[in-house]
Amino acid sequence: MFLFGPLALLRKVPALIVLGAVVYFVVSGVQVYNASKAAPAVDAIAPAQAIVVVAAPAPGGRPGATFSGRLQETLLLYRAHRAPKVLVSDPASGAAAGAGGVGARWLESQQVPASAVMVLPPGSANSAFESAAALLGQGTHVIVVADALDQLWTAGAASAAGLDPSVAVAVGSEKPFYRELGALATQAAGVAVGRVAGYGTASFAAP
């Protein structure tokens, strides 16, 4: 009889752990969604040392819709004198492999001086943030351009790499809630895992 209470409680521990994980996931999802609706205006973003834009697929050597939105926002920021240079990531694999050079050439075609644009070493979004921190210095304030739903993960991953990020939302990346349920779940999981185990283990949610 004495052991019945503790043993019954122990049997509930796995269920409590699962419940806690579900609640944590839901809370992360709400935070991701709320952040996606808080897109700052270009003029409201504090000046920084550099703009970091994460590349996306560029089929046929031209920026796709997602990458185009990020580049357009980058151009607006540069023209508003938010930062003197632009760092473009260059994914090493996947559909966006090699897109960094495409992004750099597009910016140069829009009259951004070549001297102000740099393609980061090939790698993941996480490694791009680490390369930016190594280049600019730990704690450097940067503006990272991300899609609306990616803001929380992007800020967390850039901070984990040693940067001091503000996040600017890519042009046209805000979409109706019902069209983003899958992406919202991915971002919620990425933020939840990133906060606990590190954003390097949550690269599946990278922009």
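Every number here is computed from the coordinates shown, using simple stated rules; none is lab data. In this text, all values refer to a predicted model and were calculated from it rather than measured experimentally. Here the Cβ is made from the backbone with ideal geometry for all residues, glycine too, and neighbour counts use every protein chain on show.
Pull up all non-local amide H partners of residue 50: gap of 5 or more, or a different chain, and H-to-H distance under 5 Å with H placed in the peptide plane.
143
As I understand it, the value is the acute angle between the Cα axis of helix 99-109 and the longest principal axis of the Cα atoms of the chain; what does it come to in degrees, rounded to 10?
It works out to around 40 degrees.
Using the basic label-point model (7 angstrom from Cα toward the beta carbon), what is the residue 108 to residue 23 distance in nanometres?
In this crude spin-label approximation the distance works out to 5.5 nm.
Once you charge only the Cβ atoms, +1 for Lys and Arg and -1 for Asp and Glu, what is the size of the charge dipole of the chain about its Cα centre, to the nearest 20 debye?
Numbers: 12 positive and 10 negative charges, 68 e Å.
Dipole magnitude for the chain comes out near 320 debye.
How large are Rg and Dmax for the range 42-174 when calculated on the C-alpha trace, in angstrom?
Rg and Dmax of the range 42-174, Cα atoms, are 12.9, 37 Å.
Mind sorting 175, 85 by how few other Cβ atoms lie within 10 Å of their own Cβ, fewest first?
Working: 175 13, 85 19.
Ascending Cβ contact count within 10 Å gives the list 175, 85.
Among 106, 121, 76, flag the residue with its Cα farthest along the positive direction of the charge dipole of the range 42-174, charges on Cβ as +1 for Lys/Arg and -1 for Asp/Glu.
Going by the Cα projections, it comes out as 106.
Could you give each residue of the range 182-191 its phi-based ³J(HN,Hα) in whole Hz, using Karplus coefficients 6.51, -1.76, 1.60 with θ = phi - 60°, and x for Gly or Pro?
For the range 182-191, the Karplus curve yields x, 5, 5, 4, 5, 5, 4, 5, x, 5 Hz.
Taking only Cα atoms, what is the 0 to 90° angle, nearest 10, from helix 151-160's long axis to the longest principal axis of the chain?
Roughly 90 degrees between the two axes.
How would you order 63-75, 149-161 from highest to lowest mean count of nearby Cβ atoms within 10 Å? Could the numbers behind the result be given before it?
Working: 63-75: 21.1, 149-161: 24.0.
The peptides rank, most packed first, as 149-161, 63-75.
Over the Cα atoms, compute the radius of gyration (one decimal) and Dmax (the largest Cα-Cα distance, rounded to a whole number) for the range 129-207, in Å.
Cα only, the range 129-207: 12.8, 40 Å (Rg, Dmax).
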